[in-house]
Amino acid sequence: MKKGLQFLSFSLVMSLLFLCLQGFAPSTGSISFHCAKFLNEYQEVNMWQRTPYYFTVENGVTLTATSSDDSVIRAEMVEDPETKGYIMYLTGFKGREVASITVTASDGYSVTSEVVVFGEQPYTISTDVTDDFTIAKGSAYILKVHCVYADTQTANSPSVVSDNENIIKATIMDYEPTADHDFFFRIEPVGDVGQSATLSIGGTVIHLHERLCTVTIGENKDLRLDTTTTHNCDTGDTYRFIAYTSSDVAPTVSTDDRYATTKLEGTVPGGYLYSVKALYPGTADVFARLNGETASFIIDIRIPSIISDTPSIIQLEPGKSYTYKLSVKGILKPKFMADLPEVFSIQKVNQIGNDYYVTVSAKPNTQGGSYFIATFPTSSDRSTFPVYVGFISTPKTSSVIPKSDTTDNFCLKQGQSYTFRLTNVNTFVAGTPGVFTTQLVKKLGNDSFYKITAIGQPNQSAGFYMAASNQPSQKVCVVTVQASPSIKACISDTTMPFSVKSGATYRFKITAPDETVPSFSVGTGGVFLTKLFSHTGNDYYFEIKAIGKSGSSAGIYTILPGQQPQKQCVVSVAS
């Protein structure tokens with residue numbers, strides 16, 4: 001339901017102001033009535049919701065709105081093109097706190113009400129820096145954020161944004177927290193020396209942020225690196241770079257030893273030669289520090305890839321052999337193994353360049369199936385990482401006929417489970433790993449009850465295979481992961497990724513369910529500006545304007561009161 005206030009002429013308003021402030025409303029439905037409703041009824045906003053209030057005006061009156069404390073409640077007043085009036089949005093930030101909201105008309109009349117924020121802060125958050133600081137051009141700062149959500153199912157990371165990503169860029173380094181609920185953000189100066197940008201911090205339930213600090217770009221007087229951009233490499237590669245300095249003392253160079261190691265190789269004219277060896281797939285910063293100055297660059301380590309000449313699932317008769325041709329990208333030498341050694345063994349491996357010819361042999365008198373895996377040994381504390389090559393099943397003929405009570409393809413919501421009743425079955429597996437878990441929960445005679453649980457992402461699917469003793473695997477059905485439904489959902493006229501030229505605009509049509517009022521949000525700050533252009537009935541027209549640099553992108557989200565953000569699409573900035 002719309003919350004409406006009406007602003008008439010100044011003289012009429014002033015004549016009724018006393019009654020308005022006393023909470024009395026004449027029966028005429030004039031400004032006093034609406035004013036009294038605002039003062040006496042609209043005294044709450046829900047935390048994490050952007051609540052709209054609608055105003056009508058007369059005689060060209062314009063309106064503004066202010067909050068006594070933006071950190072408690074943020075007030076925004078925007079024109080409503082449809083009604084020629086105004087919409088005031090109130091957004092609550094701090095639960096159980098109060099702020100005074102003042103609406104002022106251009107003819108001099110204003111009305112003020114104290115509004116309380118209803119709800120609790122869903123997280124506690126702190127950082128290792130709160131004061132303004134300077135960072136050298138060509139360097140970076142790793143910001144440590146401690147964030148604990150009261151409900152761990154609500155969100156999984158905090159959010160740090162810059163008000164100008166063309167000057168200071170903030171990027172999360174690890175989406176998974178440490179055991180101490182610590183997250184790390186890379187603060188990178190991309191503008192010019194002397195420029196500044198303000199960082200804000202908040203949660204990911206809705207992108208509502210509070211000011212953290214201002215970062216200014218400075219300049220090192222002595223220390224610099226010959227590498228300032230991201231260096232891409234494969235796991236196992238070694239990259240060499242130079243730290244230039246006039247000092248007789250070598251800079252201290254370090255990196256995240258989960259992904260790489262560094263070593264001082266020697267001196268070169270004007271500086272020192274270092275090497276960094278990539279140990280494990282991921283992204284790490286390489287820092288050089290000397291006499292209070294810091295310079296850095298990023299190393300992006302790719303996971304080795306394997307291209308197979310063989311379908312992902314094959315059947316191999318017990319005692320028979322088969323040879324894969326596997327092309328491996330990268331310098332690491334893989335080791336090959338069976339996930340279940342009782343099903344098949346590795347007989348022979350021949351290497352010719354980056355091609356590996358791997359002969360596998362199914363064990364005699366066996367049945368079932370196993371994943372065929374390549375592991376890449378490293379010298380990091382995470383000793384190996386697996387790459388799945390395929391799946392091998394070992395059938396045998398038999399008069400026993402396996403049966404399933406479910407053979408049609410179906411969908412399963414994220415986190416939900418389903419139990420198959422299988423008869424004369426010894427094995428039951430998913431053809432694609434990481435999408436479902438499979439568990440034998442009960443056996444009754446010849447019947448086996450297998451429970452599967454959806455752990456993958458929406459639209460991921462896996463075929464399920466059953467096999468009787470000494471028989472080949474048979475496909476049962478395909479199960480697809482379905483997103484958990486919301487109680488309500490917005491419908492957007494645009495859901496596919498697209499681009500908008502820098503400085504240009506694009507308008508979304510968002511249809512809201514029932515009489516709910518949606519909010520509209522951009523997932524990445526500094527890429528697009530948004531505004532409500534107009535609305536008719538349940539149709540809301542939101543406009544975005546591209547302000548980010550070419551190639552940057554952001555997710556577009558709609559939010560209904562009391563629900564999680566709903567992603568509609570991804571929009572990029574074109575040149």
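Quick notes
- All conditions in (1) aromatic (F, W, Y); (2) over 24 Å from I201 (Cα atoms); (3) touching a Leu at 6+ places or on another chain (Cβ under 9 Å) hold for F520, with the sole exception of (2).
- Those residues of segment 498-516 which are under 23 Å from the mean Cα position of the chain (by Cα), hydrophobic (A, V, I, L, M, F, W, C) and surrounded by 14 or more Cβ atoms within 10 Å (Cβ to Cβ), in sequence order: V500, F508, I510
- Taken together, I217, I167 contain a single residue that is in contact with a Pro (Cβ under 6 Å, 6 or more places away or on another chain) and modelled with pLDDT of 90 or more, which is I217.
- Once segment 39-91 is narrowed to residues that are of a type in the set (D, E, K, R) and more than 16 Å from V115 (Cβ to Cβ), the residue that is surrounded by the fewest Cβ atoms within 10 Å (Cβ to Cβ) is K84.
- Qualifying positions in segment 440-480 - among the small types (G, A, S) and either in a loop (DSSP other than H, G, I, E, B) or in the same structural domain as P364 (by the TED database) (or both): G445, G456, A468, S469, S473
- Taking segment 218-301 and the strands (runs of 3 or more DSSP E) fully enclosed by it, the elements with 1 or more residues that are among the β-branched types (V, I, T) and not assigned by the TED database to the domain that holds P189 are at 238-244, 252-255, 260-268, 271-278, 282-290.
- Criterion applied to S534, S572, S521 was being assigned to a strand (DSSP E or B), in contact with a His (Cβ under 9 Å, 6 or more places away or on another chain) and touching a residue at least 60 places away in the same chain (Cβ under 8 Å), and the one residue passing it is S521.
- Pairs where the first residue, in segment 400-418, is farther than 13 Å from K475 by Cβ and the second is aliphatic (A, V, I, L, M) and outside any strand (DSSP E or B), C-beta under 6 Å, 6+ apart: V400/A468
- Members of segment 464-478 that are of a type outside the set (A, V, I, L, M) and at pLDDT 90 or above: F464, Y465, C477
- T494, sole failed condition from (1) touching a Ser or Thr at 6+ places or on another chain (Cβ under 9 Å); (2) surrounded by 13 or more Cβ atoms within 10 Å (Cβ to Cβ): (1)
- Scanning segment 324-346 for residues being out of contact with any Lys or Arg (no Cβ under 8 Å at 6 or more places or on another chain), modelled with pLDDT of 85 or more and either part of a strand (DSSP E or B) or not acidic (D, E) (or both) gives a total of 13.
- Qualifying residue in segment 295-314 (condition: at positive phi and loosely packed, with under 15 Cβ neighbours inside 10 Å): no
- Considered as a group, the residues in segment 99-112 that are crowded, with 17+ Cβ neighbours inside 10 Å and within 39 Å of the chain's Cα centre (by Cα) include one that is farthest from D69 (Cα to Cα), and that residue is V103.
- Residue list for segment 222-238, restricted to those being touching a Ser or Thr at 6+ places or on another chain (Cβ under 7 Å) and either under 10 Å from V276 (Cα atoms) or of a type in the set (D, E, K, R) (or both): D222, T238
- Residue tally, condition buried (at least 16 other Cβ atoms within 10 Å of the Cβ) and either in the same structural domain as N424 (by the TED database) or outside any strand (DSSP E or B) (or both), over segment 347-368: 3
- Condition broken by I510, with the remaining ones in (1) under 15 Å from I559 (Cβ atoms); (2) assigned to a loop (DSSP other than H, G, I, E, B); (3) of a type in the set (A, V, I, L, M, F, W, C) satisfied: (2)
- Output for segment 78-124, where each listed residue is touching a Pro at 6+ places or on another chain (Cβ under 6 Å) and at pLDDT below 85: none
- Out of T230, T252, sole residue that is among the hydroxyl-bearing types (S, T, Y), surrounded by fewer than 21 Cβ atoms within 10 Å (Cβ to Cβ), out of contact with any His (no Cβ under 6 Å at 6 or more places or on another chain) and under 17 Å from K137 (Cα atoms): T230
- The single condition among (1) within 21 Å of the chain's Cα centre (by Cα); (2) in a strand (DSSP E or B) that G548 does not satisfy is (2).
- Qualifying residue in segment 302-316 (condition: closer than 24 Å to I142 by Cα and among the polar types (S, T, N, Q)): no
- Selection within segment 528-575 - small (G, A, S) and in contact with a Ser or Thr (Cβ under 6 Å, 6 or more places away or on another chain): A546, S550, S553, A554, S572, A574, S575
- Of all residues in segment 438-473, those being over 17 Å from Y418 (Cα atoms) and either crowded, with 18+ Cβ neighbours inside 10 Å or touching a helix residue (DSSP H, G or I) at 6+ places or on another chain (Cβ under 9 Å) (or both) number 5.
The values are calculated or read from the model by the stated rules, or taken from the named source; none is laboratory data. Quick caveat, the model's predicted, so the values are computed rather than measured. Heads up, the Cβs are rebuilt from the backbone with ideal geometry, glycines too, and the neighbour counts pull from every protein chain shown.
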